[in-house]
Amino acid sequence: MPFLRQATYYFDKGNYYYRQNKLEKALLFFNKTVEVDPDNSLYHYNLACILSRMGDLEKANVIFSRIVQQLDPALTECYFLMAVNFGLLDELEKARYYLNLYLQFSPDGEMVEDAEDLLYALSEEEAEILGEKEPGKEGLSDRLCAEEEEIIRSYDENQAMRRLLWQSLYHDNTQVVEKAIRMFGLLRTGNGEKNLREFVRNPWIKQRMRIQALMELKNMGFKGLVTVYMDGFLRDIDLYYYPLVAPRWLDQWQDVLNLTLENMRRSNSFDELFYEDAQAIWIDFINNSYPRLPVIKKKETWAAGLEYALARYHFLHLTQKKLAGQYSVSPSSISTRYQEINRVLNIEHRAYRNMLRYLTRREQD
C-alpha cells in the first residue's frame, strides 16, 4: 500500500524551505499541499503568496481569485494582494477595481489605510495632472524647476502647491521625482517627513527612488524604525543602517554581495533576516567608505570578510578558518578584509550594543 502523507507535512516542509529562502523547493511543497487538500483556502493562499514573491503575478492572481470566489469569500486580503500584483503588472484599472472591492468587503480590515493611499495615487484626477500640460496652466515639470525657496515658502500657504508637490512623487519622469524628494526633505513643518514615509511604503515606486527617499529621511534627522515595502512585504527597518551618500553602484560590489549570499544559502544555517543584514552591512560599508572606496582585486576575500562581519554582528560561531575553506582563501586575508569593514562600521561595538539591548529586554520580560 502506498504511504500517503498529510497536507500539514508538506505545508511545514514548504515553510521550512521558505524560511531558508529556497523558494523553488518551497513552491514544490506548497503545490503538494493543495494537491492533497484542495479545499483548504489557507494552503491556496500561501501558494499564491509565494508565486507573487517569485514574480509569477498572473498565476498568483488566478489563485487569489479562486479563493474568494469558490473557497473562502471571507479571505478578503486576496483582493488587496491582487490589486498590488496588477499594479506591478501596470494594469492600473484592474488594480483600482480590486482595491475598491477590498474596501467594500473589508471596511475594517488591516490593510484599509494602505488601500486608500494606493487608490488616491491611482485616482483619475492624479492621472490628469501627471499627464500633458493643460492650456494656460503651468506644467508639473516647470513648477519643479522653480526656485526651491519659493516652493518651500508657498507650501504651507498654497493648497495647490501642496497637492502638486505630493503628486510629483509619482510622476513618470524620474528627475521630477528626485526633485520632489529633495523638496520634501527641505520642509521643516513635519509634512516632509510624513509624505516621504508614505512614499517608501508604496509598492509601485522604483527601488532607487525608495532608497533616495530613505536617505533623505535620514538627512532630515529622522531616527528609529520606518515601514518600507521590500521584497513583496511591508517591513520595519532601522534608518541607522542606511547611508547618507550613495555613490554609483558598481558591478564588482554586487558580485561580492552575490557571492556572499550564495555561500550563505549553501550552508542552510541562515534565515531571511540574515540575508537582509548581510546586504545592509555591505551597502553601509560601501557608502560610508565614500569617497575612499575599496579596491576589489579578489572578490572571494571580500565576500568571506563580509560573511565573517555578519557572524560577528550576530555572535555566530563561524571561524575564519572555516570560511577560508568555503571561499578557497587564506584566514589572514579574511581577517584583513573584516578589519577594514569593522574600521568603517564598528561592527563589534554595534554587536555588543544590540546584545545588551536584547539582554535588557529579556530581563524586563
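Going by amide H atoms built from the backbone, whose H comes under 5 Å of the H on residue 222, apart from near neighbours?
none
Longer than 23 Å from Cα to Cα, which of 194/218; 299/322; 22/218; 25/321; 206/298; 25/206 are they? Say none if no pair is.
22/218; 25/321; 206/298; 25/206
Compute the projected area of the convex hull of the Cα atoms of segment 7-122, averaged over all viewing directions, and report it in nm² to one decimal place.
Projected area, direction-averaged: 7.0 nm².
Could you pull out which residues in segment 168-183 have an amide N less than 19 Å from a spot 7 Å beyond the Cα of residue 191, following the Cα-Cβ vector?
The answer is 168-171, 177-183, whose backbone nitrogens lie closer than 19 Å to the label point.
Give, in nm to one decimal, the length gained when the segment between residue 65 and residue 110 is fully stretched (0.36 nm per residue of separation minus the Cα-Cα distance).
Contour length minus Cα-Cα distance gives 14.3 nm.
Explain nothing, just compute: Karplus ³J(HN,Hα) = 6.51 cos²θ - 1.76 cosθ + 1.60, θ = phi - 60°, for every residue of segment 160-172 in order, whole Hz, x for Gly and Pro.
Calculated HN-Hα couplings, in order: 5, 5, 4, 5, 5, 5, 5, 5, 5, 4, 10, 6, 6 Hz.
Quick check: residue separation of residue 330 and residue 182 times 0.36 nm, minus the Cα distance between them. What number comes out in nm? Present the calculation step by step, with values, prior to reporting the outcome.
Numbers: separation 148, 0.36 × 148 = 53.28 nm, distance 4.54 nm.
Here the segment from residue 330 to residue 182 would lengthen by 48.7 nm.
Set the Förster radius R0 to 56 Å, insert the Cβ-Cβ distance between residue 74 and residue 266 as r into 1/(1 + (r/R0)^6), and round the FRET efficiency to 0.05.
Given R0 = 56 Å and the Cβ-Cβ separation, E is 0.85.
Using alpha-carbon pairs under 8 Å, 6+ residues apart, how would you state the relative contact order of segment 67-118 in percent? Before the final figure, lay out each step's value.
Numbers: 45 pairs, mean separation 15.2, N = 52.
Normalised by residue count, the contact order of segment 67-118 is 29 percent.
What list of ³J(HN,Hα) values in whole Hz, one per residue of segment 17-32 in order, does the Karplus curve 6.51 cos²θ - 1.76 cosθ + 1.60 (θ = phi - 60°) give from phi, with Gly and Pro shown as x?
5, 5, 5, 7, 6, 9, 5, 5, 5, 4, 4, 4, 6, 5, 4, 5
Suppose a student asked you for the relative contact order of segment 251-364, using Cα pairs under 8 Å spaced at least 6 residues apart; what percent would you report?
Rounded, it is 27 percent for segment 251-364.
Based on the mean of other Cβ atoms within 10 Å per residue, sort peptides 305-312, 36-43, 83-90, 221-228 so the most packed one is first.
305-312, 83-90, 36-43, 221-228
With a/c under 1.5 counting as rounded, go ahead and sort segment 310-351 into rounded, prolate or oblate using the C-alpha gyration tensor (a ≥ b ≥ c being the square roots of the eigenvalues; past the cut-off, prolate if a/b is larger than b/c, else oblate).
It comes out oblate by the Cα gyration axes.
Give me, ordered by chain and number, the residues 5 or more places off residue 235 or on other chains with an amide H under 5 Å from its own placed amide H.
Answer set, sorted by chain and number: 228, 229, 230.
What full-extension length gain, to one decimal in nm, is calculated for residue 94 and residue 344 as 0.36 nm per residue of separation minus the Cα-Cα distance?
85.2 nm
Using θ = phi - 60° and the Karplus curve 6.51 cos²θ - 1.76 cosθ + 1.60, what whole-Hz ³J(HN,Hα) does each residue of segment 295-301 get, with Gly and Pro shown as x?
Here the 3J(HN,Hα) series is 9, 9, 8, 9, 5, 4, 5 Hz.
Each value in this text was obtained by applying a stated rule to the coordinates, not by laboratory testing. In this text, all values refer to a predicted model and were calculated from it rather than measured experimentally. Methodologically, a virtual Cβ is constructed for each residue, glycine included, from the backbone with ideal geometry; neighbour enumeration extends over all protein chains shown.
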